[in-house]
1. Residue check, Gly194 against (1) out of contact with any strand residue (DSSP E or B) (no Cβ under 8 Å at 6 or more places or on another chain); (2) open to solvent by less than 20 Å² (accessible area, probe 1.4 Å); (3) farther than 15 Å from Met70 by Cα, all met but one. Which one?
2. Tell me, which residue of segment 81-96 that is small (Gly, Ala, Ser) and open to solvent by 60 Å² or more (accessible area, probe 1.4 Å) is modelled with the highest pLDDT?
3. Yes or no: segment 58-71 includes at least one residue that is closer than 20 Å to Ile121 by Cβ, more than 21 Å from the chain's Cα centre (by Cα) and open to solvent by 20 Å² or more (accessible area, probe 1.4 Å).
4. Counting only residues that are at pLDDT 95 or above and among the polar types (S, T, N, Q), how many does segment 144-176 have?
5. Among residues belonging to segment 25-49 that are part of a helix (DSSP H, G or I) and either in contact with a Lys or Arg (Cβ under 9 Å, 6 or more places away or on another chain) or not small (Gly, Ala, Ser) (or both), point out the one that is most open to solvent (accessible area, probe 1.4 Å).
6. Which is more than 30 Å from Ile292 (Cβ to Cβ) and in contact with a Ser or Thr (Cβ under 7 Å, 6 or more places away or on another chain), of Asp414, Asp408, Asp401?
7. Cβ-Cβ below 7 Å, separation at least six or inter-chain, first residue in segment 86-100 and in contact (Cβ under 8 Å) with a residue 40 or more places away in the chain, second among the aromatic types (Phe, Trp, Tyr): which pairs?
8. On the basis of being in contact with a strand residue (DSSP E or B) (Cβ under 7 Å, 6 or more places away or on another chain), at pLDDT 95 or above and among the acidic types (Asp, Glu), does Glu42 make the cut?
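The values are calculated or read from the model by the stated rules, or taken from the named source; none is laboratory data. Remember, predicted model here, so these are calculated numbers, not experimental data. Cβ sites come from the backbone with ideal geometry, for glycine too, and all protein chains shown count toward neighbours. Note: accessible area is taken over every heavy atom of the protein model, side chains too, but ligands, DNA and RNA are not part of it. Shrake-Rupley method; radii C 1.70, N 1.55, O 1.52, S 1.80 Å.
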Amino acid sequence: MSSCTKEANKKIIGIIGCGASGLAALKNFAAEDSLFKCVAFEQTASIGGTWVYTDDIDRDQYGLPVHSSMYKSLRSNLPKEIMELSGFPHTGVGDACYFPASYIQKYLNDFTDHFNLRPYIKFNHHVEKVRPINDSQWEVNVLNLQQKSKETFIFDALLICVGNPAIPDVKGSNIFSGKIMHSHSYRDADLFKGNSVLVIGCGASGLDISFGASKVADKVFLSHHNPRLMKLKIPSNYFHKTDVKEIVEDGVIFQDGSYEKIDTIVYCTGYTYKYPFLSNECGINVENNHMINIEYPTMAFIGVPRNTTGFYLFDFQSRIFKKILEGSVKLPDKREMLQDTYEEIEARLASGQRLKDLHALGKTKWAMHYYTTVSKFAGVEHPPPVLLQIYFDGLERLSEDFLNFRGDKYQIIDREHYKSLNLLY
């Protein structure tokens, strides 16, 4: 078979989003020996997705929602061992394990150039609509932002590699006279100067922003239900509060009945997965979708599970989807996949999890079940258990010693073991 014929027979793959998950997918599908041709769409002019800092907070120069969540002081809350893409180790960083956002962005750009991925990426291209043409093809309508022209692409398969901030609908939000924002829109603590600030959520961004705000705000309240955080060393103007019951015009009522006058509310409540560009015909139910679109299994979502192995997951999932499209792995029939999904959801809800927890693997039995069953099914190597161990060790250290945990160092010994030490002691 001639090279021209081989090229013509390749399946055309579309990748939406060029953050870490999109780049991992592109690297796998654009390999020289690949059976695929790739086109990747990136709405901005830069590689890196959420790791790209911009002063824009809500809308960009084209009037589109800003995807970057970077703030000026951000440093990674995961060690480099969890933030390494396949085939591209971190180099020249000495003993450091936690880095500023600018380093991660540079790492992703270096990864892109090392594997020559940039030619496949259409920058400043906004995906407006995706719809299935039939069981095996997709129509993607795209706006070229610089040329202000619309284009239509046909793909044999799609990988979706984007996410969105999650803002809860709390009673009273509509009458609050102060400012309500998501951490997605936070850039610098100066906007809190002289304010009474409520930060809702106690993940890494919630702690970063609340501690940063305490340097300039009159008072900072952290609303959460994590008893471990009560041991944190905190400034004199920093207070722990229970979950929010209701927002009133000039403040907040908490679940314990207490009230605080508040000027600014910051939601640090994580990110959800909304895909406004997917037509209803795509058949996506976000709550129960981990990776494969069961209705149309030539569509995959990369990086949806959270509280897990970070960048490794992106490579793991895209390699599996590649094997499915190559035909070396055959999916169960639709009825079996739907039944399996239903049974897992019922079991997880019965165990006390909420709908919003279904994408969280964490230390649950479903985490190991996910990796074990999927690895066996697809014939790919199980993620090194040491990565999950380091991930959870890092989270524990964050809760125990937030001011110092980024000084920790991890050294992987083998797939099962690692050494950990705090560089500050």
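1. (2)
2. In this case the residue turns out to be Gly92.
3. yes
4. Residues that pass the stated criteria total 5.
5. Going through segment 25-49, the residues part of a helix (DSSP H, G or I) turn out to be 25-29, 49.
With the extra rule that they be either in contact with a Lys or Arg (Cβ under 9 Å, 6 or more places away or on another chain) or not small (Gly, Ala, Ser) (or both), the set shrinks to 25-29.
Details: Ala25: 0, Leu26: 0, Lys27: 41, Asn28: 18, Phe29: 0 Å².
Here the residue is Lys27.
6. Working: Asp414 fails: in contact with a Ser or Thr (Cβ under 7 Å, 6 or more places away or on another chain); Asp401 fails: in contact with a Ser or Thr (Cβ under 7 Å, 6 or more places away or on another chain).
Residue meeting the stated conditions: Asp408.
7. Cys97/Tyr410
8. Spelling it out, Glu42 is indeed in contact with a strand residue (DSSP E or B) (Cβ under 7 Å, 6 or more places away or on another chain), at pLDDT 95 or above and among the acidic types (Asp, Glu).
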